[in-house]
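J.: Could you have a look at this structure, given as structure tokens, before my questions?
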Amino acid sequence: MINTLYSLDALGTNRAFFLAALIGFGFGFALERAGFSSSRRLAGVFYFTDMAVVKVMFSAVITALLGLSYLVGLGWMRMDQIFLMPTIYGAQIVGGLLFGVGFVMGAWCPGTAAAGLAAGRIDALVFLLGTVGGSILFNEVFPLVRPLYTAGDQGTQMAYLSLGLSRNAFVLTFTLVAVAAFWLSERTEKARTGRAPYLGSPFLKAFSLILVALACGLFVLSPVSTRASVQPANTAAATAVDEKALMETVENARDHIEPEELADRLMAGEPDLVVVDVRPAAEFNAFHIPGALNVPLAELAEALQPYKNKGLIVLYSNGMTHPAQARDSLQRLGFGHVYLLTDGLQGFRDRCLKPVSLRPEPLTPVDAARVNAWRTYFNASDGTPKVGIFAKVVTAALPRVVETDWLAARLGTPGLKVIDLRPQPEYNASHIPNSLSLNVESLRGNIGGVPSMLLPPAMLAAQFSLLGLHPSDTIVLVPSDKMHDATLPGLAFERMGHMDYAVLNGGYAKWAQEGRPVNAALPAVTESTCPVKTDADDFTVNFKTVAATIGKPGTVIIDVRPADFYTGKKSDEARGGHIPGALNRAFSEDVITSSNKVVTFKPTAELAAAYRQLIPSTNTEVIVHCRTGHQASQTFFVLKHLLGYPNVRWYDAGWTEWAARPELPVANETQALKNKK
């Protein structure tokens, strides 16, 4: 398979510039040898005395057409590796007329004028200067001609499709037209000048025969498939519906997101927002949008599977072509809410990171303040992009649960931070190299009189800053024998808007039992400054919200405490029992403890089947709670991130608060049985 510069998204590289210059010089040389450096000869086509322009241009087009068709037919190249010019009937018809009038008046086009200038033609220089002036004029009057700019836009639809022809039939038809043009040109010159050296010559006959034979050969090389005509009607109808929905999305501009909106969403730490950079790794490492993942196009569908239909997925590259093709492919595979970034990475730089003083037009005070806020967030103090800070450590979407093999392959990568959540004596004895120690209870405190509540963002930011964490770091949380010791810090990171974290399945016990590297050295830490985000937490609810949902259709409350505490048989709070209407599934039912005491999550399919028995649909609003929020954080993690339930809320204060408030109702099955007896 031939990889074109376009397919590699490398049109802006030095190699592309060199090849373009080489082809340009070759094209100019061919034009000059064909006599295109003479305006007198060029003008001859309009007087039917010299048809060189027609013959040369048809030769160039037919050579390219047959050459590309054979490359595609032989399987050496795909059509999506070739840049296809959009068809815009209004603009192209008017532009063609203007071009033709200019050619008649000056006998030059930009390409032939360049060839003429190389041969020292003064009139070619005048024409090129006029071309530059016309371009400037077009730029100045663009607001007036903007409607024409996109009039009759047909996209990149193949011409032969609109004619009802197959590609091979179109190539043969065009070849026959070209051959007819060669013969007609010779006859025209003969009639006007009495000279036509190729008319009836063996060369013209052989040349014409070869072109037609090559065009016919395509039918043998890649015959037209008839499968489409015999496919099941329902399959064809479904495909038509999918394509119609896709095109309606594009037509209504629901396929792209503006750089300004993306910048605001990133600064707000929007949950489940996935930004994907599809450029080569070298370009990604040089600079990329903060928080972006670097995923090759070929791996895109597989890498984004964990994020399918959960939140926004934004694709970008240097331009918009490859992200647009990737977005359409993902949509056909059932991915929703996938967008491409308008104007790509350069658009993000120009519209969000360019200083206000360098803008071509003055900004309002409000817009200027937004730009300055973006620059402060995305740039270092000297105004340069935070390349190092924003460097990601993975080349595919980060799963919420990672295995020991995954971590071992990436250990030591810059930007990857491992946090050990075991008690400090165990950490001091041995831990994963360079991992940081964090006491889970240090993330909780007395808030509003309720003990063991997750701390507010400012206090969490201070702790994470002391750990030397950055907003772009990839965090791996390592529990001991309690998975909820990792999921509670996970919620702390989500409260901070930091979604780039994962839980190590099996924790430290699995890592150590597999004989993977450990040491007792304390890592060097440089204090950082984590931003304080106060609006990232939209998942924590209070007792008022929970009380308002009791008996409400479409809402499920899940009490994740052990069954004896749910029924009221046991109690370690002010009252025993549970919230009226709440269902019970103990958090411990979501994990497996092996014979060697390694705790891992149950398979996703098993978890999904279990929760389908409790929750009517994935769109149901779910509130989870335990006694103090610790165990419920695990259930929240399972529902939200492993099973994809979008509307999950976490009652942090839990039964500690509910039982202590006498005005709140309690259902106590054990007491009810006693009363019945």
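J.: Take the conditions at pLDDT 95 or above, more than 17 Å from V503 (Cα to Cα), surrounded by 18 or more Cβ atoms within 10 Å (Cβ to Cβ) and in contact with a strand residue (DSSP E or B) (Cβ under 9 Å, 6 or more places away or on another chain) and apply them to V622. Does it pass?
T.: Yes: the conditions hold for V622.
J.: Scan segment 507-543 for residues that are loosely packed, with under 12 Cβ neighbours inside 10 Å and in a helix (DSSP H, G or I) and report the count.
T.: 0
J.: Kindly list the number of the only condition in (1) among the hydrophobic types (A, V, I, L, M, F, W, C); (2) touching an Asp or Glu at 6+ places or on another chain (Cβ under 9 Å); (3) not assigned by TED's automatic domain parsing to the domain that holds G581 that fails for V532.
T.: Here V532 meets the rest and fails (2).
J.: Give me a count of the residues in segment 479-495 that are surrounded by 24 or more Cβ atoms within 10 Å (Cβ to Cβ) and outside any helix (DSSP H, G or I).
T.: Number of matching residues: 2.
J.: Here is a follow-up. Run A653 past the list (1) surrounded by fewer than 21 Cβ atoms within 10 Å (Cβ to Cβ); (2) in contact (Cβ under 8 Å) with a residue 24 or more places away in the chain and report the number of the one that doesn't hold.
T.: (1)
J.: In this structure, is V546 touching a helix residue (DSSP H, G or I) at 6+ places or on another chain (Cβ under 8 Å), under 20 Å from G412 (Cα atoms) and β-branched (V, I, T)?
T.: no
J.: May I pose another question? Looking only at residues that are among the β-branched types (V, I, T) and assigned to a loop (DSSP other than H, G, I, E, B) in segment 271-309, which one is farthest from the chain's Cα centre (by Cα)?
T.: I289
J.: Quick one: in segment 76-98, of everything that is surrounded by 12 or more Cβ atoms within 10 Å (Cβ to Cβ), part of a helix (DSSP H, G or I) and of a type outside the set (A, V, I, L, M), which residue is modelled with the lowest pLDDT?
T.: Checked segment 76-98; the qualifying residue modelled with the lowest pLDDT is D80.
J.: Can I ask one more? For segment 393-478, which helices (runs of 4 or more DSSP H) that fit wholly inside it have 1 or more residues that are farther than 30 Å from A281 by Cα?
T.: So the answer is 424-429, 457-466.
J.: Which of the residues belonging to segment 118-135 are over 19 Å from V101 (Cα atoms), among the hydrophobic types (A, V, I, L, M, F, W, C) and at pLDDT 75 or above?
T.: A118, I122
J.: While we're on this one: Would you say A548 is without any contact (Cβ under 8 Å) to a residue 60 or more places away in the chain, exposed (fewer than 12 other Cβ atoms within 10 Å of the Cβ), more than 34 Å from the chain's Cα centre (by Cα) and not in a loop (DSSP other than H, G, I, E, B)?
T.: Yes.
J.: Name every residue in segment 496-506 that is at pLDDT 95 or above and part of a loop (DSSP other than H, G, I, E, B), in order of residue number.
T.: Within segment 496-506, N505, G506 meet the criteria.
J.: Just to be sure I understand the filter: pairs with C-beta atoms under 7 Å, separated by 6 or more residues or on different chains, first member in segment 615-627 and within 12 Å of V560 (Cα to Cα), second member among the acidic types (D, E) and assigned to a strand (DSSP E or B). Which pairs pass?
T.: Hits for this filter: H625/D559.
J.: Give segment 310-320 a look and list any residue that's hydrophobic (A, V, I, L, M, F, W, C) and in a strand (DSSP E or B), or say none.
T.: I313, V314, L315 - these are the residues of segment 310-320 that are hydrophobic (A, V, I, L, M, F, W, C) and in a strand (DSSP E or B).
J.: Then there is this: Within segment 551-595, which residues are surrounded by 18 or more Cβ atoms within 10 Å (Cβ to Cβ) and among the charged types (D, E, K, R)?
T.: D559, R561, R585, D590
J.: Out of the residues in segment 468-495 meeting the condition of being free of Cβ contacts under 8 Å to residues at least 60 places away in the same chain and within 18 Å of I432 (Cβ to Cβ), tell me which one is farthest from the chain's Cα centre (by Cα).
T.: For segment 468-495, the residue satisfying everything is S480.
J.: Considering segment 429-462 alone, what residues qualify as being surrounded by fewer than 17 Cβ atoms within 10 Å (Cβ to Cβ) and under 21 Å from V503 (Cα atoms)?
T.: Within segment 429-462, S430, P433, N434, N439, E441, S442 qualify.
J.: If you take the residues of segment 111-122 that are surrounded by 14 or more Cβ atoms within 10 Å (Cβ to Cβ) and of a type outside the set (A, V, I, L, M, F, W, C), which of them is nearest to F46 (Cα to Cα)?
T.: Filtering first and then ranking leaves T112.
J.: A follow-up question, please. I need the full set of residues from segment 408-429 which are farther than 16 Å from T526 by Cβ and basic (K, R), in order please.
T.: Residues satisfying the conditions are R410, R422.
J.: Under 8 Å between Cβ atoms, at least 6 apart or on separate chains: pull out the pairs that start in segment 334-353 with a residue that is farther than 14 Å from R279 by Cα and end on any residue that is of a type in the set (G, A, S).
T.: F335/A301; H337/G311; F348/A263; C352/A263
J.: Does segment 184-216 hold any residues that are within 53 Å of the chain's Cα centre (by Cα) and either surrounded by fewer than 17 Cβ atoms within 10 Å (Cβ to Cβ) or outside any helix (DSSP H, G or I) (or both), and which are they?
T.: Listed by number, the residues that qualify are L184, A206, F207, L209, I210, V212, A213, C216.
The values are calculated or read from the model by the stated rules, or taken from the named source; none is laboratory data. All values derive from a computational prediction rather than experimental measurement. Please note: Cβ atoms are built from the backbone with ideal geometry, for glycine as well, and neighbour counts cover all protein chains shown.
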